[in-house]
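Asks: I'd like to ask you about the structure that follows.
The values are calculated or read from the model by the stated rules, or taken from the named source; none is laboratory data. Please read all numbers here as calculations on a predicted model, not as lab measurements. When we count neighbours, we look across all protein chains shown, and the Cβ atoms used for this are built from the backbone with ideal geometry, even at glycine.
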Amino acid sequence: MAVKKEERLLNVGILGCGPISQFAHLESVQKGRNTTLRAVCDADEGLANRFGTFYDAERIFPDYDQMLADDTIEAVIIGISDAFHVPAAIKALEAGKHVLCEKPIGLSVEEVLDLQKVVHATGKVLQVGHMLRFDPGIQSAHDFLRDEMGEILALKAWYCDSTARYTNTDAIQPMHRTGTRPLKPAGNPKANLKRYNMLAHGCHLLDLARYLCGPITEVHARHREKYGAMSWFVDVEFENRALGHLDLTLSVRMDWHEGFQIYGQNGSIAANILNPWYYRASEVDIFREADASTHRVLGADGHFYRRQLEGFADVILKGIPQEGANIEDGVESVRGMVAIMQSAETGKPVKLADATGPV
């Protein structure tokens, strides 16, 4: 079925034509009801030409500064290596562009605080790519928590990557194309696998917990590594005094499992989050004490990446409140990751307000 576009479309430029743009962002702009692909940019000119042509970009740039100089581009999607997120976002903001940046927003508390200052100074919209906020099942849980749950007693949430995950995703995704001149950060990001896993996966778990239960004030973490696998069990204190427990384990010798349970005054929630590349909404069961029954939204539209881009564009074009993760959410996600790493190292609780330094 053809995409029905709205009359006013956001002119989007994409920085980076690597895997995340190939699997998520290029198609999202093409399918978005309120977006159009004005430009792509990649240091690898062959890669930029391949995907810019395939997705009908109006312009193709090998240089980021050239793309930012294009006055018709209103917003930039940043889909490049984590180490480049903050510098690229600051450049875009200072050039007058809104920014949707892949997660994690940054690698240290200090650099994301610098980015926060630029966001506030420019007044532009910055959204972090925590796409689970646009999963219809998780949104139904959020709405129930806001409108009906009453006081929250406790949350348990888990993100357990599987040894079979790449077998699954390789069967689903097209084979991604690599260029001959990739722009890579200094060093190997996976050299410190503990840090890599926290940045790549822990940020999802932290943002999900904050989205559902509000600000986190303190964490107390334990960490173990055995037979090439690693696990963090994290006790969490929320600002609303709810109890929290987070389980980040990679890689489990079983199927992928991700989800959460929440217990509250007027009901409970049990959620099974599916691998995002299945493009299926989470299976979220909401039990209402009032009618002693369980409800689940169908959530047929599970293209979270397209939905998050449409939400981002709605904020810019229509002025609706931002539902996606903003710069403050991004700062707190990085603070949370730093605090967990420090707590696991020292064996002591760490307040997020005291967390500084790199993840």
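Asks: What number of residues within the stretch 51-83 are surrounded by fewer than 18 Cβ atoms within 10 Å (Cβ to Cβ) and under 30 Å from E110 (Cβ atoms)?
Replies: 6
Asks: Scan the stretch 321-359 for residues that are buried (at least 23 other Cβ atoms within 10 Å of the Cβ), over 14 Å from the mean Cα position of the chain (by Cα) and over 16 Å from L205 (Cα atoms) and report the count.
Replies: Number satisfying all stated conditions: 1.
Asks: Can you find, within the stretch 121-138, the residue that is surrounded by the most Cβ atoms within 10 Å (Cβ to Cβ) among those that are without any contact (Cβ under 8 Å) to a residue 60 or more places away in the chain and not in a loop (DSSP other than H, G, I, E, B)? Let's see the steps before the verdict.
Replies: Restricting attention to the stretch 121-138, the residues satisfying the condition of being without any contact (Cβ under 8 Å) to a residue 60 or more places away in the chain are 121-124.
Now narrow it down to the ones that are not in a loop (DSSP other than H, G, I, E, B): 121-122.
Values: A121: 10, T122: 18.
Selected residue: T122.
Asks: Additional query: Please go through the stretch 177-207 and pick out each residue that is touching a Phe, Trp or Tyr at 6+ places or on another chain (Cβ under 7 Å) and closer than 18 Å to N275 by Cβ.
Replies: Once the filter is applied, which keeps residues that are touching a Phe, Trp or Tyr at 6+ places or on another chain (Cβ under 7 Å) and closer than 18 Å to N275 by Cβ, the stretch 177-207 yields H201, H204, L205.
Asks: While we're looking at this one, here's another question. Looking only at the stretch 13-36, count every residue that is in contact with a Gly (Cβ under 8 Å, 6 or more places away or on another chain) and over 14 Å from E102 (Cβ atoms) and tell me the total.
Replies: Summing the residues that are in contact with a Gly (Cβ under 8 Å, 6 or more places away or on another chain) and over 14 Å from E102 (Cβ atoms) in the stretch 13-36 gives 0.
Asks: While we're here: Collect the residues in the stretch 14-30 that are in contact with an Asp or Glu (Cβ under 7 Å, 6 or more places away or on another chain) and either assigned to a loop (DSSP other than H, G, I, E, B) or not assigned by TED's automatic domain parsing to the domain that holds D63 (or both), keeping them in residue-number order. Reasoning before the result, please.
Replies: Our first condition is that a residue be in contact with an Asp or Glu (Cβ under 7 Å, 6 or more places away or on another chain); within the stretch 14-30, this holds for 16-17, 20.
Hits for the stretch 14-30 are G16, C17.
Asks: Checking D314 against (1) in the same structural domain as Q139 (by TED's automatic domain parsing); (2) out of contact with any helix residue (DSSP H, G or I) (no Cβ under 9 Å at 6 or more places or on another chain), which test does it fail?
Replies: D314 satisfies every listed condition except (1).
Asks: Next question, about the same structure. For the stretch 81-104, name all the residues that are of a type outside the set (G, A, S) and in contact with a Cys (Cβ under 8 Å, 6 or more places away or on another chain).
Replies: We begin by selecting, within the stretch 81-104, every residue of a type outside the set (G, A, S); these are 82, 84-87, 90-91, 93-94, 97-104.
Selection gives H85, K103, P104.
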